[in-house]
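Below: one structure in structure tokens.
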Amino acid sequence: MAELDTASLWGDVRMDLDLVVTPLTVLREYAATLGPHTRNFVTASVSRVHWSSSDEFCLAFRLDAPLLAYSHNLFFVVHPATKLYPADVRTDLRRGSVGVPVEDEAALRVEVKNRLRAPATTEAIRNLLAQSLSETSDVDEIELPEDASEER
């Protein structure tokens with residue numbers, strides 16, 4: 001019996017992982033930038049959430065206020081499990097809710113930046129920061145960094 005060449009069964013599935021930028025990677029990159037602006041009183045995180053569709057992944061982008069033991073879902077990104085894009089950026093996950101479709105990494109970055117810079121997001125961060133600071137006894141000694149809006 002002839003020996004089976006198993007490598008040729010699957011084609012070339014190797015890839016350069018440095019070239020692959022998944023929606024999860026984009027969201028984590030942006031989430032990591034909030035904490036330094038608030039001395040980690042308010043941070044951002046990303047997690048995979050249970051989604052009713054077994055053929056899609058759903059990622060939640062959250063604002064976290066550790067001193068308040070509170071997290072707020074800012075938005076969700078839903079994409080096919082076997083593809084990275086197109087993805088759908090949604091405010092909520094209720095049945096029938098409509099999101100903003102993004103076709104690629106560049107479009108996802110634009111949509112996420114728009115949501116992070118939205119007045120409602122800024123207000124939520126400021127309010128969580130104020131409440132977090134009120135939980136500390138040394139509020140007068142806390143010096144927050146200047147607002148450094150950096151372009152990425």
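With a cut-off of at least 2 residues that are of a type outside the set (Asp, Glu), under 30 Å from residue 134 (Cα atoms) and at pLDDT 95 or above, name the strands (runs of 3 or more DSSP E) lying wholly within the stretch 37-119. Break it down into steps so the answer makes sense when it comes.
Working: elements: 43-48, 56-65, 70-80, 87-90, 100-102.
Filter on the stretch 37-119 gives 43-48, 56-65, 70-80.
Let me ask you something else. Please tell me if residue 98 is under 12 Å from the mean Cα position of the chain (by Cα) and not acidic (Asp, Glu).
no
May I ask you to list pairs of residues, at least six apart or on different chains, whose Cβ atoms are under 6 Å apart, with the first in the stretch 80-95 being more than 16 Å from residue 21 (Cα to Cα) and of a type in the set (D, E, K, R) and the second being surrounded by fewer than 14 Cβ atoms within 10 Å (Cβ to Cβ) and at pLDDT below 95?
90/97
Does residue 75 meet the test of being buried (at least 18 other Cβ atoms within 10 Å of the Cβ) and touching a residue at least 60 places away in the same chain (Cβ under 8 Å)?
Criteria not met by residue 75.
List the pairs whose first member sits in the stretch 28-43 and is within 14 Å of residue 74 (Cβ to Cβ), whose second member is in a helix (DSSP H, G or I) and of a type in the set (Gly, Ala, Ser), and whose Cβ atoms are under 7 Å apart, counting only residues at least 6 apart or on separate chains?
These pairs meet every condition: 42/132; 43/35.
Continuing with the same structure: Could you grab me the full set of residues in the stretch 109-126 that are surrounded by fewer than 13 Cβ atoms within 10 Å (Cβ to Cβ) and acidic (Asp, Glu)?
The one that is surrounded by fewer than 13 Cβ atoms within 10 Å (Cβ to Cβ) and acidic (Asp, Glu): 123.
The values are calculated or read from the model by the stated rules, or taken from the named source; none is laboratory data. The structure presented is a predicted model; accordingly, all values stated were derived computationally and were not measured. Don't worry about glycine lacking a Cβ; one is built from the backbone with ideal geometry, like all the others, and counts go over all protein chains shown.
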